[in-house]
Each structure stands twice: as structure tokens, then as C-alpha cells.
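The structure under discussion appears below in the form of C-alpha cells.
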Amino acid sequence: MCDFYNKINSKFLWLVVSIPSILSLSMILINPSSAENAWIMGLSKQRLLVLLIPALCILFCFILFFLHFAASEIYKKLSLHFRRFYSAYGLLSGILSFWVFTFLFVFLFVYQFFIKTNIGSLTQSLGALVPNLCAYIDRLWAILILIAF
């Protein structure tokens, strides 16, 4: 019975892992690029490069999901390799993931609620680079969320 649940969990783990990537992809596509920078499908070259990160993550997750059904031996070899790598560095990986998530979440929280709401006053005190910096952070917001997860 436990083996049955492990098989189900390993199959759908990749679908669950792809959810933040799908959300990140949709957040990138929601914001339109400026008309003078539009290149393909109304997106600028920079936006397409940023779009590539969650798209590759989604592709990787779906390949492993379908590989589990189509070629289970190859999937077992790959999962054994991942398990061996992460079991050797499991504690380090867990600590690093925790701190990366914590710092990115705090940065995104502070940016969203304190910096973005006071752009006008920050521009007067810090200069004209603040709106440009905030525009770049708004564009990379989805990727930062993907990294945090």
C-alpha cells in the first residue's frame, strides 16, 4: 500500500512543482511590453528571455512527469541520481533553500508594501533612477517569486 502512494506522489510531484512556474509565466504574460520594444507576439526581447526561465522549468517538469509513464527505467535512473545528490547534500540544500526563500520573501514584501507605494517621494529624494529600478523589479517580480518557491 505504501509503495502505491509513493508512486502516486512521485508522479504528481512534478505537476505540483510546475505550479509556481505556470503562475510565474502567466504573471510575465499579463504585463504588456511597450509598443516600441515589441518584437514577437507583442513581447520585447528582454521579456522573452525572462519568459524562457519558467518555460524551461515547466518543460522539465512535464518531461519528467511523462517520462515516469513512458520510460519508467530511465525515470528510475534519473530519480536515483537526484536522490543520491540531494541525500548527500540534503541539510545544506534545505538550509540554503530556507534562507533564499526568507530573504526573497522579505525583499518582495518590503518592495510591494513600502517601496512601490512611495515611489513619488523616493524619486524626489533619491533621484530619477528609482522609477526605472522599480520598473525592472516589476518585470522580474514573477521570476523572483519562482526563485522563492
Residue within segment 108-129 that is surrounded by 12 or more Cβ atoms within 10 Å (Cβ to Cβ), of a type outside the set (A, V, I, L, M) and closer than 21 Å to Pro54 by Cα present: no
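Going through Ser93, Ser79 one at a time, which residue ends up being among the polar types (S, T, N, Q), at pLDDT below 80, under 19 Å from the mean Cα position of the chain (by Cα) and closer than 25 Å to Ile22 by Cβ?
Values: Ser79 fails: under 19 Å from the mean Cα position of the chain (by Cα).
That would be Ser93, the only listed residue that is among the polar types (S, T, N, Q), at pLDDT below 80, under 19 Å from the mean Cα position of the chain (by Cα) and closer than 25 Å to Ile22 by Cβ.
Within the group Ser21, Ser33, Ser10, which residue is modelled with pLDDT under 80, assigned to a helix (DSSP H, G or I) and among the polar types (S, T, N, Q)? Before you say what the answer is, go through the steps one by one.
Numbers: Ser21 fails: modelled with pLDDT under 80; Ser33 fails: assigned to a helix (DSSP H, G or I).
None of the other options fit; the residue is Ser10.
From the list Phe65, Phe105, Phe69, Phe109, pick out the single residue that is outside the structural domain of Gln46 (by TED's automatic domain parsing) and closer than 27 Å to Leu15 by Cβ.
On the way: Phe65 fails: outside the structural domain of Gln46 (by TED's automatic domain parsing); Phe69 fails: outside the structural domain of Gln46 (by TED's automatic domain parsing); Phe109 fails: closer than 27 Å to Leu15 by Cβ.
Selected residue: Phe105, the only one of Phe65, Phe105, Phe69, Phe109 that is outside the structural domain of Gln46 (by TED's automatic domain parsing) and closer than 27 Å to Leu15 by Cβ.
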Hey, Arg84 exposed (fewer than 12 other Cβ atoms within 10 Å of the Cβ) and either under 30 Å from Phe62 (Cβ atoms) or in the same structural domain as Ala55 (by TED's automatic domain parsing) (or both) or not: yes
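Residue under question is Tyr136, and the condition is that it be modelled with pLDDT under 80, under 20 Å from the mean Cα position of the chain (by Cα) and of a type in the set (Ser, Thr, Tyr); does it hold?
The answer is yes for Tyr136.
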Near pairs, Cβ below 8 angstrom, 6+ apart or cross-chain, from segment 70-92 (in contact (Cβ under 8 Å) with a residue 24 or more places away in the chain) to any residue that is part of a helix (DSSP H, G or I): Ser79/Ser10
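The values are calculated or read from the model by the stated rules, or taken from the named source; none is laboratory data. Quantities reported herein were computed from a predicted structural model and do not represent experimental measurements. Using ideal geometry, Cβ is built from the backbone for each residue, glycine included, and neighbour counts are taken over all protein chains shown.
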